[in-house]
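Okay, structure first, notes after.
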Amino acid sequence: MENNKYLIELKNISVSFDGEKILENLNLSIKDGEFVTFLGPSGCGKTTTLRIIAGFLQPDEGEVLFENKDMRGVPSHKRQVNTIFQRYALFPHLTVAENIAFGLKIKKMKKPDIKKKVQEMLALVNLKGFENRMIDSLSGGQQQRVAIARALAVDPKVLLLDEPLGALDLKLRKDMQVELKKIQQSLGITFIYVTHDQEEALSMSDTIVVMDAGKIQQIGSPTDIYNEPVNAFVADFIGESNIVDGVMHADNVVEFSGHVFDCLDKGFGKDEAVDVVVRPEDVDVVPKEKGMLTGTVTAVTFKGVHYEIIVDIGGFLWMIQSTDIQHVGDEIGLEIEPDAIHIMKKSKYSGTFGDFSSYSEEFDELSDVNAGVSREDDGDE
Ligand code: ATP
């Protein structure tokens, strides 16, 4: 087999459960030291993909390669991977130090070496002095740190993290995102991270793998995924967006919402029907008579940094973000620069999103509700 620079490769992976295709023809290559995030809605197959990499599940079809070696039949503990789950799966009857030492004892490491490693790990996750505490005396955030320390103690080459921050409240989750990223960078190991939180994915990852319905929709850096979504699903899932029908009249010329715009996109057929995405922060408000588009303000919400303004343009509701206040009922003009317009090919997702997309907001609300459950636990963080 030819040599290449990838640490892990998934080739044509398919999995069915009870006759239903859960993963379909999945192809993915991961580099050593990369922070890769699987992002997608509930049930899209993120955890299943992680379990295949971990060796907990054998695919029906396809190959899993680690450093070019076929992993078929290689059990999880021989793959140099370790997993952190959302429920940390710590041993409640053991102390913090005993939890961290667990894998090292199995490896038959010498006692003084174990002690040293435990101290090193405690320092890494900011839990110095906690070694003799029992697990149930710790907050949710502290338990998560112990889980991270335990998983890293055995020096895995790859750490798999399945919604590891899902049980923490928003503030703590943000702090832990920064810490996890720092830990990953300082150790230089590969993290494969599962989340349905787009903001978490954007802020932590080198590479995001956007999934829906058992298929990879797009693989790219956070900026690529945000600025150049391949289809309406990705545009909608990553951030707020206005997705409207358009017609590409020629290279760099697109018509939508009754106006012909200059844009930077090319390579489409003459008068090809396309999906056009414009991010709310990329629309400028101008006096009505100067607007490329005009509309009526139907709602204004103060968001701290900006106002979120909903504008009815010919019956389609646009979301725009502006630091200048507008008032409900105002007639305003909108200006959209060529580089604010992104053109996508029509796909099976075309036309499914209606007015401005608020997918991410729904998810934030959902995850805040979930996080609320553990809020009391985390009071001392
Ligand atoms: P979530 O964010 O909700 O965890 P996910 O993207 O991680 O979702 P998976 O856990 O990979 O999704 O599940 C994908 C689909 O496969 C779901 O419809 C799930 O019900 C189904 N599934 C997963 N494991 C099994 C199993 N062992 N038997 C039958 N169906 C399964």
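Numbers for the structure displayed
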{"item": "Positions within the range 118-153 being surrounded by 20 or more Cβ atoms within 10 Å (Cβ to Cβ), closer than 12 Å to Glu98 by Cα and among the charged types (D, E, K, R), in sequence order", "result": "Arg150"}
{"item": "Residues of the range 35-55 classified as assigned to a loop (DSSP other than H, G, I, E, B) and either without any contact (Cβ under 8 Å) to a residue 24 or more places away in the chain or within 8 Å of the ligand (Cβ to nearest atom) (or both), total", "result": "6"}
{"item": "Neighbours by Cβ (under 7 Å, 6+ apart or cross-chain): first from the range 206-220, of a type in the set (Ser, Thr, Tyr) and more than 14 Å from the ligand (Cβ to nearest atom); second part of a loop (DSSP other than H, G, I, E, B) and modelled with pLDDT of 95 or more", "result": "Thr207/Glu34; Thr207/Ser221"}
{"item": "The range 193-205 residues that are in contact (Cβ under 8 Å) with a residue 40 or more places away in the chain, paired with ones that are away from the ligand (no atom under 13 Å from the Cβ) and in a strand (DSSP E or B) (beta carbon under 6 Å, 6 or more apart)", "result": "Ala201/Ile208; Ser205/Phe35"}
{"item": "Tally of residues being out of contact with any Pro (no Cβ under 8 Å at 6 or more places or on another chain), assigned to a strand (DSSP E or B) and within 12 Å of the ligand (Cβ to nearest atom) across the range 8-34", "result": "7"}
{"item": "For Glu131: the one exception among (1) of a type in the set (D, E, K, R); (2) within 16 Å of the ligand (Cβ to nearest atom); (3) touching a helix residue (DSSP H, G or I) at 6+ places or on another chain (Cβ under 9 Å)", "result": "(2)"}
{"item": "The range 22-34 residues that are in contact (Cβ under 8 Å) with a residue 12 or more places away in the chain and in the same structural domain as Asn12 (by TED's automatic domain parsing), paired with ones that are more than 15 Å from the ligand (Cβ to nearest atom) and small (Gly, Ala, Ser) (beta carbon under 8 Å, 6 or more apart)", "result": "Asn25/Gly62; Leu26/Gly62; Gly33/Gly188"}
{"item": "Odd one out for Asp197, checked against (1) surrounded by fewer than 19 Cβ atoms within 10 Å (Cβ to Cβ); (2) at pLDDT below 95; (3) among the acidic types (Asp, Glu)", "result": "(1)"}
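The values are calculated or read from the model by the stated rules, or taken from the named source; none is laboratory data. This is a predicted model, so every value here is computed, not measured. Cβ: placed from backbone, ideal geometry, glycine included. Neighbour counts: every protein chain shown.
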